[in-house]
1. Failed condition for Gln215, given (1) without any contact (Cβ under 8 Å) to a residue 12 or more places away in the chain; (2) on the phi > 0 side of the Ramachandran plot; (3) of a type outside the set (Val, Ile, Thr), with all others met?
2. Tell me which residues, restricted to region 203-240, are over 20 Å from the mean Cα position of the chain (by Cα) and open to solvent by 20 Å² or more (accessible area, probe 1.4 Å).
3. Can you tell me which condition Gln189 does not meet? The list is (1) buried (at least 17 other Cβ atoms within 10 Å of the Cβ); (2) under 24 Å from Tyr227 (Cα atoms); (3) not basic (Lys, Arg), and all the others hold.
4. Which of the residues spanning region 197-227 are part of a strand (DSSP E or B) and farther than 16 Å from Leu265 by Cβ?
5. Between a first residue in region 48-59 that is under 14 Å from Ala36 (Cβ atoms) and a second residue that is open to solvent by 50 Å² or more (accessible area, probe 1.4 Å), which pairs have beta carbons less than 7 Å apart while being 6 or more apart in sequence or on different chains?
6. Mind counting the residues in region 236-264 that are within 13 Å of Ala86 (Cα to Cα), without any contact (Cβ under 8 Å) to a residue 24 or more places away in the chain and not β-branched (Val, Ile, Thr)?
7. For region 49-64, how many residues are part of a helix (DSSP H, G or I) and open to solvent by less than 40 Å² (accessible area, probe 1.4 Å)?
8. Just to verify a result, which residue in region 11-32, among those that are within 18 Å of Ala234 (Cα to Cα) and either without any contact (Cβ under 8 Å) to a residue 12 or more places away in the chain or of a type in the set (Val, Ile, Thr) (or both), is least open to solvent (accessible area, probe 1.4 Å)?
Amino acid sequence: MAGRSPARTGTTLRQHIGGRLRVLRELADLRNEDLASALGVSPATVSRIEAGDRLVKRREIDIWFRVTSAPPTACEELTTLLDAGANQITPWQSRVQHGADLAQVETGELEASAATIIIYDHAVVPGLLQVRNYARRVFEMVGVDTQNIAGNVEDRMRRQSILLDQSRRFDMLVTEAALRWRPGSVELQLEQLRHVRAVMALPNIQIGFLPLRGQARVIYPEGFQIYADRADDADTLVVVELITDEVTISDPGSVALYQQEFDRLHASALHGNQAQALLDHIAVDLSAEQTGSSSRGTD
């Protein structure tokens, strides 16, 4: 899901809840269509709930219990799980142990489900914008097994084809510090900046930069992504990257807060010609750094 994510593995709490609800439906000898009619949703939405792609709402789970004649113990357990299911926490260490290839697949599936993808990163260039060797260096730094790096880089490159899908909208914000963070050579960083500039020309993509200079109008938070307008009425999801964990949020109130935070960041960002000028300025600084290093080498 983001530039740094090593992997996302295992059954999520949302999937566990959905699986238990599916069992209740099957034990009651009900079809998807039967539940859909009782809930006032489509059969596809019932399938998404049972797959864990959409968290069941409190009103819906009460109806689910009633029409399936669920036993009180199951109702109590699932209601408790539902409260926790709005925020899913997965430790980074479990991802590193399982490698990053599964993460690329699952992140790609999440991206494919969303018509609107919103990305903010304060530390690195987002994964959907990374050139091949930049991505390789990022994977090396997050501790992915060296045997898995090549495959995961290729998976990340394949994921980027979604940017060409004109039916999707991408809104990305990157801090100037992330643009200047250099995991490799100056040549690699210049290549990365040129690629970002090229992607900015696509009509369905908006990329803004949060500058280092000038008076700050907002505090830059941890990186996050918002996956909205998802297929089959699936929940809008926010994915937040912390040092120890990745947090997936579906609670509507919390999702709205992240959207508001992105809007605040967006209002402080440089766009259009100003953003292009910042890229030019960083490129000049990098070239000067490269020239200075070459001069010192000949002294």
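1. Here Gln215 clears every test but (2).
2. Within region 203-240, the subset over 20 Å from the mean Cα position of the chain (by Cα) is 203, 211-219.
If the condition is that a residue be over 20 Å from the mean Cα position of the chain (by Cα) and open to solvent by 20 Å² or more (accessible area, probe 1.4 Å), then Pro203, Pro211, Leu212, Arg213, Gly214, Gln215, Ala216, Arg217, Ile219 are the ones that fit.
3. (2)
4. We begin by selecting, within region 197-227, every residue part of a strand (DSSP E or B); these are 205-210, 224-227.
Residues satisfying the conditions are Ile205, Tyr227.
5. Pairs found: Arg48/Asp232; Arg48/Asp233; Glu50/Arg22; Arg54/Asp233.
6. 2
7. The total comes to 6.
8. Out of the qualifying residues, it is Ile17.
The values are calculated or read from the model by the stated rules, or taken from the named source; none is laboratory data. This structure is a prediction, so every number in the text was calculated from the model and none was measured. Here the Cβ is made from the backbone with ideal geometry for all residues, glycine too, and neighbour counts use every protein chain on show. For the accessible areas, the whole protein counts, side chains as well, though only heavy atoms, and no ligand, DNA or RNA atoms are used. Shrake-Rupley method; radii C 1.70, N 1.55, O 1.52, S 1.80 Å.
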